[in-house]
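Q: Dropping the structure in here first, questions after.
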Amino acid sequence: MVKAVVLGAAGGIGQPLSLLLKASPLVSALALYDIVNTPGVAADLSHIATPSKTEGFLPPDDGLAKALTGADVVVIPAGVPRKPGMTRDDLFKINAGIVRDLATGIAKTCPKAFVLVISNPVNSTVPIVAEVLKKHSVFDPKRLFGVTTLDVVRASTFVGEITKTDPQQVVIPVVGGHSGVTIVPLLSQSSAPLPSSFAGAELDALIHRIQFGGDEVVKAKDGAGSATLSMAYAGAEFALKVIRAAKGEKGIIAPTYVYLDDAAKSLVGNGVDVDFFSTNVELGPDGVKEIKSLGSLTDKEKALVAAAIPELKTNIEKGVAFINAPK
Ligand code: NAD
Ligand code: LMR
């Protein structure tokens, strides 16, 4: 029995993500929470002929607590998306408080659930959730994940196009964080190797496209938001990996933005001394089973990792301070 909860379920990501979770036989109960429209979304999904029972909740009458009761996996795509000209950090002002309040609900109602954070800026919202869980003495770093899967999906798609390989077969670790230069694709480790002639400006353009793929969608949507459908695909893919590993499937490895203790920092190496970082993680029954090293990097990749660290540090400190700084 697996109960999945989507917080922000009526949104651009929330609805297709909930659809994909409803479609999965791995989910037996699905609770949808948002400040609007969840009764309708839940009624609609509940007609789909899969075993899970779908319920919608709104804030009145303790709707958040009711949605979260008995949760095994909580996915959070609640919050505002970017418009052209904005950075993800510009969303902090609104989304930090939303994520804090939802994390408080998780700490009180389902502290053992796996928590998957999609709301931007991920580099800061994941530390916010960690600090809230710490304040309630229920922080388990193995159970908190920043969802960076869309960067991985983009890398597979773009490299699949270049190498004329089925993108679903292309595996590329994308490490660091989830914004601009903090997104570091390790293209030298691609399961579909790029041709050796693919270097210089061509390689730089590919790295830039993976780092700034979100901007491409924001620009194309022209004020109507950011990636929703590809994010729902990526979010469902990662959530179902977490669920499959929790159910005992072995060998599931995926990059995700997780807490690094000192041992993990030295394992990841390459000057990574930040408290949160996306790296390959082996998932297991209790969440993070093993944090993997970055492996062998090219000089260019080493430079990209080094360039990611200062922005990551600032983003992480900002999230931590939001919860702990005196008001
Ligand atoms: P959206 O505006 O379409 O949907 C957000 C939903 O959150 C809305 O339905 C809204 O009612 C709900 N919401 C707002 N406050 C809430 C609260 N307090 N409790 C519960 N629900 C609340 O936005 P979207 O396009 O779905 O994007 C959502 C977030 O995901 C944004 O912050 C966006 O930047 C982020 N995002 C992250 C990634 C990633 O790779 N991690 C990718 C795409 C988008
Ligand atoms: C993305 O990478 O598409 C998301 O983080 C949304 C955004 O703001 O670009």
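Bear in mind these aren't lab numbers, they're just calculated from the coordinates by the rules spelled out. All values derive from a computational prediction rather than experimental measurement. All Cβ positions, glycine included, derive from the backbone under ideal geometry; neighbour counts span all protein chains shown.
Q: May I ask for the net charge around Pro173, where only other residues with Cβ less than 14 Å from the Cβ of Pro173 are counted and Lys, Arg are +1 while Asp, Glu are -1?
A: Overall, the nearby charge balance is -1.
Q: Now, a different point. Under 23 Å Cα-Cα from Lys22, which lysines qualify once same-chain neighbours fewer than 8 residues away are excluded?
A: Lys3, Lys53, Lys66, Lys112, Lys241, Lys247
Q: Quick one: if you stick a label point 7 Å off each Cα along the C-beta vector at Lys265 and Ala205, how many nm between them?
A: 3.9 nm
Q: Summing Lys, Arg as +1 and Asp, Glu as -1, what charge do residues with Cβ under 9 Å from the Cβ of Gly287 carry, Gly287 excluded?
A: Taking every Cβ under 9 Å from that of Gly287, the sum is +1.
Q: A further question follows. Please rank Tyr259, Tyr233, Tyr33, fewest neighbouring Cβ atoms within 10 Å first, as an exposure proxy.
A: Tyr233, Tyr259, Tyr33
Q: Give me Thr314, Thr182, Thr125 sorted ascending by neighbouring Cβ count inside 10 Å, so fewest comes first.
A: Thr314, Thr182, Thr125
Q: Counting alpha carbon pairs within less than 8 Å and at least 6 residues apart, what relative contact order, in whole percent, applies to the chain?
A: Computed over the chain, the figure is 17 percent.
Q: Taking N as the number of residues in the stretch 3-146, what is its alpha-carbon radius of gyration divided by 2.2 N^0.38 Å? Before the final figure, lay out the partial values.
A: On the way: Rg = 14.5 Å, N = 144, 2.2 N^0.38 = 14.5 Å.
Dividing the Cα radius of gyration by 2.2 N^0.38 Å gives 0.99.
Q: As a test of the formula, what do you get for the chain when each DSSP H run with n ≥ 4 contributes -39,500 (n - 2.57) and the sum is divided by the residue count, at 222 nm and rounded to the nearest 500 deg cm²/dmol? Could you put the intermediate results ahead of the total?
A: Working: 11 runs with 143 residues, N = 327.
The per-residue figure over the chain is -14000 deg cm²/dmol.
Q: If I model a spin label at Lys250 and Met1 as a point 7 Å from the Cα along the Cα→Cβ vector, what separation in nanometres do I get?
A: 2.9 nm
Q: May I ask you to derive the relative contact order of the stretch 102-244, considering only C-alpha pairs under 8 Å and at least 6 residues apart, and to give it as an integer percent?
A: 20 percent
Q: Here's something else I'd like to know. Under 5 Å between amide hydrogens, which residues at least 5 positions from Phe276 or on another chain qualify, with H placed 1.01 Å from N in the peptide plane?
A: Leu260
Q: From largest to smallest, what semi-axes in whole angstrom does the chain give when each is the square root of 5 times an eigenvalue of its alpha carbon gyration tensor?
A: Calculated on Cα positions only, the semi-axes equal 30, 22, 20 Å.
Q: Separate question: Among Met86, Pro185, Thr104, whose Cα lies farthest out toward the positive end of the dipole of the chain, if unit charges sit on the beta carbon of Lys, Arg (+1) and Asp, Glu (-1)?
A: Of the options given, the answer is Thr104.
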